[in-house]
Amino acid sequence: MPRFLHLADVHLGFDRYDSKERTRDFFYAFNDALEKYAVEAEVDFVVIAGDLFEHRNIQPATLNQAQTCLQMLKQDGIPVLAIEGNHDNRPYGTKTSWLRYLADWELLLLLEPGDISAGEPFYQPWDWESRRGGYIDLDCDVRVLGSNWYGAAAPKSIEQIAAAIEALPDRAAHTLMLFHHGLEGQIARYAGALRYADLLPLKQAGVDYLALGHIHKNYEIEGWIFNPGSVEANSVEESRYERGVYLVEMNGSGVQAELKRDYYQRPIVRLRFTTRGQESLEEVEQERSPPLKKPFNPNSLIRLRSQS
């Protein structure tokens, strides 16, 4: 029975709020999740469904963070399969990216469809010598398929992907596909979301587990579409969303996916202060919020929640 870890939207190198400590949170979260739910759980493989990095161009410290985490998995013999997301995909017309760099150094397998305009098949099997390929059949009897970042062209691209899957040789017992896109109805103000009907051709083509990324909120649909959410919250607003990583087992009865959240995440406390509109500025400044029952510990792994 194959077991794997599904992560998405790691965003190493996150640099908002001008806080180096906040940037390190994303590394701590990624590293801790991998230690607990990949290494200690002894999974067969790990998948990253896009946006390992916050930016296409990264700082040396960010690259070092990625290498540290991926090297840990390599030492334990756990392969990592990944695709590019909208944050870390290569600019149009370029042939390399930092994910490609990590693949060339054998720290992950970057699964990319072929360039049909150049006469390549859409899906070529992974080649260990060239470190290239669009899909791989793992020893644990799972076929893993990659994809690109398609943006607004995603619905049309899905039809092409489904046809390419159906044209492949006999598949393994289980088929998993990595896809960096979001479904409608999950979060507000998200333009370009896919409808559930847009994804059905993938299920009909034999995909048992569609590993999504892109939306930083956990959701699961119909027992075959899974989005764990971002590994760490990218904003205070996102603290309202449930997120984590999926520890998954595939067996004869289907998919058993458990969302894991017990790893390092920055505690976020939201405080609300209501005025009546009659206070002076001095009166507002003198107000004090009620103290927390326990002292705030920035290194705590317990997420504090406040009642507003």
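The values are calculated or read from the model by the stated rules, or taken from the named source; none is laboratory data. All values reported here derive from a predicted model rather than from experimental measurement. Note that each Cβ is placed from the backbone with ideal geometry, even for glycine, and that neighbours are counted across all protein chains shown.
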Subject >> Positions within segment 10-30 being without any contact (Cβ under 8 Å) to a residue 60 or more places away in the chain and closer than 23 Å to residue 227 by Cβ, in sequence order >> reply: 12, 13, 27
Original post:
What is the residue count in segment 102-149 for residues that are surrounded by 13 or more Cβ atoms within 10 Å (Cβ to Cβ), hydroxyl-bearing (Ser, Thr, Tyr) and not in a loop (DSSP other than H, G, I, E, B)?
Top reply: 1
Original post:
In segment 243-278, how many residues are part of a loop (DSSP other than H, G, I, E, B), touching a Pro at 6+ places or on another chain (Cβ under 9 Å) and at pLDDT 95 or above?
Top reply: 2
**OP:** Go through segment 94-127 and give me each residue that's more than 19 Å from residue 72 (Cβ to Cβ) and of a type in the set (Gly, Ala, Ser).
**Re:** 97, 114, 117, 118, 119
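Just checking, which of 238, 279, 220, 242 is more than 30 Å from residue 43 (Cβ to Cβ) and either surrounded by 11 or more Cβ atoms within 10 Å (Cβ to Cβ) or of a type in the set (A, V, I, L, M) (or both)? Write out each step before concluding.
Working: 238 fails: more than 30 Å from residue 43 (Cβ to Cβ); 220 fails: more than 30 Å from residue 43 (Cβ to Cβ); 242 fails: more than 30 Å from residue 43 (Cβ to Cβ).
Result: 279 is the single residue among 238, 279, 220, 242 that is more than 30 Å from residue 43 (Cβ to Cβ) and either surrounded by 11 or more Cβ atoms within 10 Å (Cβ to Cβ) or of a type in the set (A, V, I, L, M) (or both).
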**OP:** Being in a loop (DSSP other than H, G, I, E, B) and of a type in the set (Lys, Arg) is the filter; apply it to segment 161-207 and report the residue that is surrounded by the fewest Cβ atoms within 10 Å (Cβ to Cβ).
**Re:** 189
**OP:** Any chance you could count how many residues in segment 72-101 are modelled with pLDDT of 95 or more, loosely packed, with under 15 Cβ neighbours inside 10 Å and not in a helix (DSSP H, G or I)?
**Re:** 2
Subject >> Unique residue being out of contact with any Phe, Trp or Tyr (no Cβ under 9 Å at 6 or more places or on another chain) and among the small types (Gly, Ala, Ser) when the list is 33, 29, 103 >> reply: 103
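Yes or no, residue by residue, for (1) among the aliphatic types (A, V, I, L, M); (2) closer than 30 Å to residue 20 by Cβ; (3) modelled with pLDDT of 95 or more; (4) touching a Gly at 6+ places or on another chain (Cβ under 8 Å):
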site	(1), (2), (3), (4)
210	yes, no, yes, no
227	no, yes, yes, yes
237	no, yes, no, no
241	no, yes, no, yes
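Per-residue answers, yes or no, for (1) touching a Ser or Thr at 6+ places or on another chain (Cβ under 7 Å); (2) closer than 30 Å to residue 172 by Cα; (3) part of a helix (DSSP H, G or I); (4) modelled with pLDDT of 95 or more:
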position	(1), (2), (3), (4)
28	no, no, yes, yes
32	no, no, yes, yes
41	no, yes, no, yes
48	no, yes, no, yes
51	no, yes, no, yes
65	no, no, yes, yes
70	no, yes, yes, yes
Original post:
So how many residues does segment 102-120 have that are within 15 Å of residue 148 (Cα to Cα) and at pLDDT 95 or above?
Top reply: 5
Subject >> Count of residues meeting criterion [within 22 Å of residue 262 (Cα to Cα) and surrounded by 15 or more Cβ atoms within 10 Å (Cβ to Cβ)] in segment 54-71 >> reply: 4
Original post:
Could you list, in sequence order, the residues of segment 5-32 that are in contact with a strand residue (DSSP E or B) (Cβ under 6 Å, 6 or more places away or on another chain) and buried (at least 24 other Cβ atoms within 10 Å of the Cβ)?
Top reply: 5, 6, 7, 8, 9, 12, 26
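Restricting the search to segment 217-234, which residues are in a loop (DSSP other than H, G, I, E, B) and either more than 19 Å from residue 53 (Cα to Cα) or without any contact (Cβ under 8 Å) to a residue 60 or more places away in the chain (or both)? Before the answer, list the steps.
Initial filter on segment 217-234 (in a loop (DSSP other than H, G, I, E, B)): 217-218, 222-224, 228-234.
Scanning segment 217-234 gives 217, 218, 222, 223, 224, 233.
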